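Taking it in order: structure first as structure tokens, then the write-up.
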There are 2 protein chains.
Amino acid sequence: MTEQKQTSCTPREELYERIGKFQERLRKAGIQAALVVQKADLFYFSGTCQDAHLLIPTQGEPLLMVRKSYERALEDSALEKIIAVRSFKDIGSNIAGMLTGNGKIGMELDVLPVNLFSRYKKMLEPLEIVDVSGVIREIRMIKTPYEIDCLRDAASLTAEMFAEIPNFIEEGMTEIELSGKIELFLRVRGNQYPRIRAFNQELSIHILSGWNAAYPSYFDGPTGGSGVNSSSPIGSGYKKIGRNEPILIDYGPVLNGYMVDHTRIYSFGPLSDKLMEAHNTALEIKRRIAREAKPGLDGKDLYDIAIGMAEQSGFAQHFMGYGVSFIGHGVGLELDELPVIARNYSIKMQPGMTIALEPKFIFPDEGTVGIEDTFLVTENGLEPFIPALDDAIQIL
Amino acid sequence: MTEQKQTSCTPREELYERIGKFQERLRKAGIQAALVVQKADLFYFSGTCQDAHLLIPTQGEPLLMVRKSYERALEDSALEKIIAVRSFKDIGSNIAGMLTGNGKIGMELDVLPVNLFSRYKKMLEPLEIVDVSGVIREIRMIKTPYEIDCLRDAASLTAEMFAEIPNFIEEGMTEIELSGKIELFLRVRGNQYPRIRAFNQELSIHILSGWNAAYPSYFDGPTGGSGVNSSSPIGSGYKKIGRNEPILIDYGPVLNGYMVDHTRIYSFGPLSDKLMEAHNTALEIKRRIAREAKPGLDGKDLYDIAIGMAEQSGFAQHFMGYGVSFIGHGVGLELDELPVIARNYSIKMQPGMTIALEPKFIFPDEGTVGIEDTFLVTENGLEPFIPALDDAIQIL
């Protein structure tokens, strides 16, 4: 049964270290236990993405209750106590057996739908359900050495992908064709779908050329894109890749759950001086932020530095596109992790954070130039996950 | 700016017909209005998937409030009243301007996360928020002639895909390679990612061979698959496609938002008599259900017919796999639409329903045989969306 099966189990010590941090936060907050259900969080604390509930009490051993598939959860998870459950009721009685009296139990209320919440409320009475999604996101924000290794694997695949772009790309091909070829390249290397935490956001691949990289969308990022139709109105579309227009490759491969996020610009033939200048401004912003972003520095001050430089360059009105007021975001098991480097958003830089820093300039009709690199916050500022990747516009 | 841009606008009369049905249901339920936010529902009632809120009062013109992108919502949506809003507060005051006094307002509480719900609650006070997701799902369950045409387009692409399989498939290739090649074929033809409504469910492509098609997973469907790692533990994996094992191609292309769902079995060289017999039983079940499922018939009785036939065949313990007790589901803008044809789930067949009927037999170590076809419920029973597609096992 195990021919060719690939598993990448999160080490036991790693899981218990993460759980320990969470338990400490729960104790401080006066919460009896947490019940983790969302896939990314469940994977983080248990090592499995099966249909399971993880009960983490303030002290002692957590209990992984698996509805489906129990056998696979046993293979995936290095936790001590893993049991099979059949129903919601089963889960309830197991929890009641572990927790006594009143008190608070934490759940991920940023993602849990209202109707499901009502069922949990009934199941967990007299416990009061409180939100622990903020705490979980803060713990996950600081990457462990094990996680940094996972991110480096995703970064290696990203570097491989960019090295292949000149072999994939052809003048006159559609964006979706280029995107599909890159997707196939990554797919056979174990790439998986990125997870996004925010409600109603959907995955989209931003391989965009010329005006389409400046085409607005619902997405709270600098670029949008037409997508393929009005029900999938984002990312690559039917537009043909032409000459003398910037081709934006913004892709975050995902390996073993972990993703990085990088953007590079290509062009068939030269681009206008204006676009080249704006691109260089983006690179200067990136380098300056990478130097400044030492532990203790506030994200909102980094944002202000970037805006200041964009203003000085004369391209301020094109910076980050339509009403978007951030320049970077955390990545890991989800595309939209903490921290966010944004206007008036106060958050102190800490070692172990990741930042996908993406200063970009968006010119309607002409397209998008700029850069995105994923960094690790270290004592000396930002350390790139792919140090050797050229960030100049690649003229083909 | 419009070079190559593809839009497929939902016709105006279509939108107002759908809204009219919803308004009637709201009136009957004594609900003042509904506020629609989820992407599939928003697309259904407004024609756009931009970041927008659609307020549907019990009578009169709905109001589409668009945060981003207003320009694109204007292009996409044939609704009368479309306005730009900047913030949550803006949305609140627009609603307050349209609705007076107390009363109930409907939202999609099956998908809306708790924390967001709290914000809406404050915004909408003194209105009481009630769940209208059931009503919306029931309306969407009955497809209009326009939607049936959209489904036929997706079915045509599916037929094209199956016709190409013999050209893609090679003995010894991995499942993810075959899957990636099919994905590329569909991608350049406008395929988009399927939407799934249920919490914590994720897209997965079930191109599986031999034992891996019988490998259990968290998914509430007959097949699972190893996936590529423990954080993406479902669907195609690294397993190589071998000889004399069933190769399952279960794929639902999505065009203009609409999807169908079909499965075919291939094999390099013959399969055992047992597998061939089980496959034929699945075909008999499909044909019998297709004849019986006339309007008025109850889904649970259809399920019982299928189970009865599985029992008679001697393969009952392999029917539908690990603890799964359904044989079909609706498809449309989402993969998990109503109706569900399941054990003890009472639902009367009605013209305009879609059913992806998927009797399958799962044999650990050997794999999965069986079929999936998407049908329309008509006065005469089920009408297949792809009538000419051979449902025998294709020996390569």
* Roughly what percent of Cα-Cα pairs across region B:142-395 reach past 34 Å? -> 9
* To do: Starting from region B:1-99, pick out the GluC sites (Glu not before Pro) whose DSSP state is loop and whose Cβ has at most 14 other Cβ atoms within 10 Å.
  => B:E3, B:E80
* Could you size up the charge dipole of the protein assembly as shown around its Cα centre, putting +1 on the beta carbon of Lys and Arg and -1 on that of Asp and Glu, and report it in debye to the nearest 20? => 1960
* **Potential extension, B:N280-B:N167 segment - 0.36 nm per residue separation minus Cα distance** => 38.1 nm
* Taking only C-alpha pairs under 8 Å that are 6+ residues apart, what is the relative contact order of region A:12-140 in percent? -> 24
* **17 Å cut-off, amide nitrogen to a point 7 angstrom out along B:F88 Cα→Cβ, residues in region B:126-155** => B:126-127, B:129
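Treating only the Cβ atoms of Lys and Arg (+1) and Asp and Glu (-1) as charged, compute the dipole magnitude of region A:137-247 about its Cα centre; round to the nearest 20 debye. Don't skip to the end; give the middle numbers.
Working: 12 positive and 14 negative charges, 51 e Å.
The dipole of region A:137-247 has a size of about 240 debye.
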* With charges set only on the Cβ (+1 for Lys and Arg, -1 for Asp and Glu), what does the dipole of region A:142-395 come to about its Cα centre, in debye to the nearest 20? -> 200
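From the Cα trace of region B:72-230, what convex hull volume per residue do you get, rounded to a whole Å³? Spell out each step's value before the answer.
Details: hull volume 30.5 nm³, N = 159.
In region B:72-230, the Cα hull volume divided by residue count equals 192 Å³.
For region B:262-328, run through the chymotrypsin sites (Phe, Trp or Tyr not before Pro) and keep only the ones in DSSP coil with at most 16 other Cβ atoms within 10 Å of their Cβ.
On the way: sites: B:Y266, B:F268, B:Y303, B:F315, B:F319, B:Y322, B:F326; in loops: B:F315, B:Y322.
Of the chymotrypsin sites (Phe, Trp or Tyr not before Pro), not one in the loops of region B:262-328 has a Cβ with at most 16 other Cβ atoms within 10 Å.
Using C-alpha positions alone, give me the convex hull volume of region A:188-328 per residue in cubic angstrom. Write down the numbers at each step before the final one.
Numbers: hull volume 20.8 nm³, N = 141.
For region A:188-328, the hull spanned by Cα atoms encloses 147 Å³ per residue.
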* Other copies of A:K21: label-to-label distances in nm, shortest first, labels 7 Å along the beta-carbon direction -> 4.9
* **Between helix A:273-292 and chain A: long-axis angle, C-alpha atoms, 0 to 90°, nearest 10** => 40
* Quickly work out the A:R12-to-A:K122 label distance, labels modelled 7 Å from Cα along the C-beta direction, and quote it in nm with one decimal. => 4.0
* On a 0 to 90 degree scale, rounded to 10, what angle separates helix B:145-168 from the longest Cα axis of chain B? -> 30
* Structure fact -> Taking the label point 7 Å from Cα along the Cα-Cβ vector, the copy-to-copy distances for B:R343, listed from shortest in nm with one decimal, are 5.6
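What length, rounded to one decimal in nm, is gained on full extension from B:E71 through to B:R189, with 0.36 nm per residue of separation minus their alpha-carbon distance? Intermediate values should be presented prior to the final figure.
Working: separation 118, 0.36 × 118 = 42.48 nm, distance 2.59 nm.
That works out to 39.9 nm of additional length.
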* May I ask for the angle, rounded to the nearest 10°, between helix A:175-187 and the longest principal axis of chain A, with both axes built from Cα atoms and the value confined to 0 to 90°? => 50
* Asked: Among B:I136, B:I165, B:I249, which one moves the most in a GNM of chain B with springs linking Cα atoms closer than 10 Å?
  -> B:I165
* Structure fact -> Going fewest to most other Cβ atoms within 10 Å around each Cβ, B:D76, A:D220 line up as A:D220, B:D76
* Do the sum for chain B: with -39,500 (n - 2.57) for every DSSP H run of n ≥ 4, divided by all residues, what is the mean residue ellipticity at 222 nm, to the nearest 500 deg cm²/dmol? -> -11000 deg cm²/dmol
* What nm distances, shortest first, do you get from the label point of B:E125 to those in the other copies when the point sits 7 angstrom along Cα to Cβ? -> 2.5
* Quote the relative contact order of chain B in percent (integer), defining contacts as alpha-carbon pairs under 8 Å separated by 6+ residues. => 14
* Asked: Applying 1/(1 + (r/R0)^6) with R0 = 51 Å to the Cβ-Cβ distance of A:E292 and A:E61, what FRET efficiency is obtained, to the nearest 0.05?
  -> 0.70
* Asked: Okay, which of region B:55-83 sit inside 19 Å, backbone N to the point 7 Å along the Cα-Cβ direction of B:D149?
  -> B:76-79
* To do: Using the charge dipole of region A:326-372 (Lys, Arg: +1 at Cβ; Asp, Glu: -1 at Cβ; taken about the Cα centre), state which of A:T354, A:G332, A:V369 has its Cα farthest towards the positive end.
  => A:T354
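Tell me which trypsin sites (Lys or Arg not before Pro) from region A:51-107 have a DSSP coil assignment and no more than 14 other beta carbons within 10 Å of their own. Walk me through the numbers before you get to the answer.
Values: sites: A:R67, A:K68, A:R72, A:K81, A:R86, A:K89, A:K104; in loops: A:R86.
Counting only loop positions with at most 14 other Cβ atoms within 10 Å, the trypsin sites (Lys or Arg not before Pro) in region A:51-107 are A:R86.
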* Structure fact -> Two pseudo-spin positions, 7 Å from Cα along C-beta at A:N115 and at B:Q312, lie apart in nanometres by 3.6
* Asked: For all pairs of alpha-carbon atoms in region A:1-94, what percent lies in each bin of width 5 Å, listed from the first bin to the last filled one?
  -> 3, 14, 25, 25, 18, 10, 4, 1, 1, 0
* **D_trans [Stokes-Einstein, Kirkwood Rh over alpha-carbon pairs] for region B:330-396, 37 °C, 0.692 mPa s, µm² s⁻¹** => 239
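How many Cβ atoms of partner chains, on average, are near each residue of A:47-56 if near means within 10 Å of its Cβ?
Values: counts 2, 4, 11, 8, 6, 1, 0, 0, 0, 0.
So the per-residue partner count for this stretch is 3.
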* Extent along principal axes [Cα atoms of the protein assembly as shown; Å; largest to smallest] -> 78, 61, 60
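Only the coordinates and a few stated rules stand behind these numbers; no lab work does. Quick caveat, the model's predicted, so the values are computed rather than measured. Cβ: placed from backbone, ideal geometry, glycine included. Neighbour counts: every protein chain shown.
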